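The values are calculated or read from the model by the stated rules, or taken from the named source; none is laboratory data. Quantities reported herein were computed from a predicted structural model and do not represent experimental measurements. A quick note on method: Cβ atoms are made from the backbone with ideal geometry, for glycine too, and the neighbour counts reach across all protein chains shown. Side chains included, ligands, DNA and RNA excluded: accessible areas come from the protein's heavy atoms. Shrake-Rupley method; radii C 1.70, N 1.55, O 1.52, S 1.80 Å.
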Amino acid sequence: MTSETAPHGLWIAGAGGVGREALDTALAAGVPVAGFLDDRLHGATVRGLPVRRPEELGAGARYLVGIADPAFRKRLAALLDGLGAEPLTLVHPRALIAPETVLGPGCLVMGGAYVSSGVRLGAHSQVHYNATVGHDTVAGERVTVYPGGNVSGAVLLADGATVGSNAVVLQGRKIGAGAFVGAAAVVTRDVPPGEVVVGSPARPLPGDAALRTP
């Protein structure tokens, strides 16, 4: 499939749960979706749309990575960029984006989310439904705030950091690259890169990879 033969519209990389939620966001925003990109399901149909291999996307096509895992997001974005495709930022019409906030390419902001003023979201970051991001927060690339997550003001979220469902990050904290804040945790102090924290107040829980599953 080339850019000349590909149907017009957005291609969503990933046909799982987040990918389908990205489709919901696109439909609400009036953005036409051509189909999904997914190696596991290529050749199938999901929600009435065709599923292709990511390698089939042509130059100039628009895409959004609808996958929760930041590492997969990084690899897929690099692959699709290398093919000449262009990332699209997608915001649900029922999300609120305050003034002086900048969303990087390929960001996904779902319904009910609130992103406050002076925020910077890096490329391919995701703010899921009913999540909030406070004023002057700076998020690197591929940051994820799961449903109901609450990031207070002036927080630093490094590349690949994840804030779990209903978790709270207090004002001014720093969440290191690749760190994971477990569901309902309350972060009262900085989280080092790669660390998984749980509980209230949040404490390290090394090696529990299950917490990284959305």
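Figures for the structure shown
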item	result
Accessible surface, per residue, of segment 1-155 when the full set of protein chains is kept, probe 1.4 Å, Å²	41 Å²
For segment 36-44, Karplus couplings with θ = phi - 60° (6.51, -1.76, 1.60), whole Hz, Gly/Pro x	10, 10, 7, 4, 5, 10, 4, x, 8
Length added when fully stretched, HIS42-ALA183, from 0.36 nm per residue minus Cα-Cα	47.5 nm
Sites excluded, trypsin sites (Lys or Arg not before Pro) in DSSP loops with at most 15 other C-beta within 10 Å, longest stretch of the chain	95-188
Percent accessible area from carbon and sulfur atoms, segment 149-202, protein chains only, probe 1.4 Å	54 percent
Computed [θ] at 222 nm, helices only, for the chain once each DSSP H run of length n ≥ 4 contributes -39500 (n - 2.57)	-4000 deg cm²/dmol
Degrees separating the helix 70-82 axis from the principal Cα axis of the chain, which is the longest one	40 degrees
Carbon and sulfur %, accessible surface of segment 4-107 computed with the full protein complex present, 1.4 Å	55 percent
Label-to-label distance, nm, for residues given as ALA71 and GLN171 (7 Å Cα→Cβ offset)	3.6 nm
Once exposed loop GluC sites (Glu not before Pro) are cut out (DSSP; at most 16 other Cβ, 10 Å), longest piece of the chain	101-214
Whole-number percent relative contact order across segment 16-160, with pairs defined as alpha carbons under 8 Å at least 6 apart	16 percent
For LEU90, distant residues with modelled amide H under 5 Å away	CYS107, LEU108, VAL109
FRET efficiency for ARG203 and ALA154, using Cβ-Cβ distance with R0 set to 25 Å, rounded to 0.05	0.65
Projected area, mean over directions - the chain, Cα convex hull, nm²	10.6 nm²
Karplus-derived HN-Hα couplings along segment 54-65 (A = 6.51, B = -1.76, C = 1.60, θ = phi - 60°), whole Hz, x at Gly and Pro	x, 5, 7, 6, x, 4, x, 5, 9, 9, 9, 8
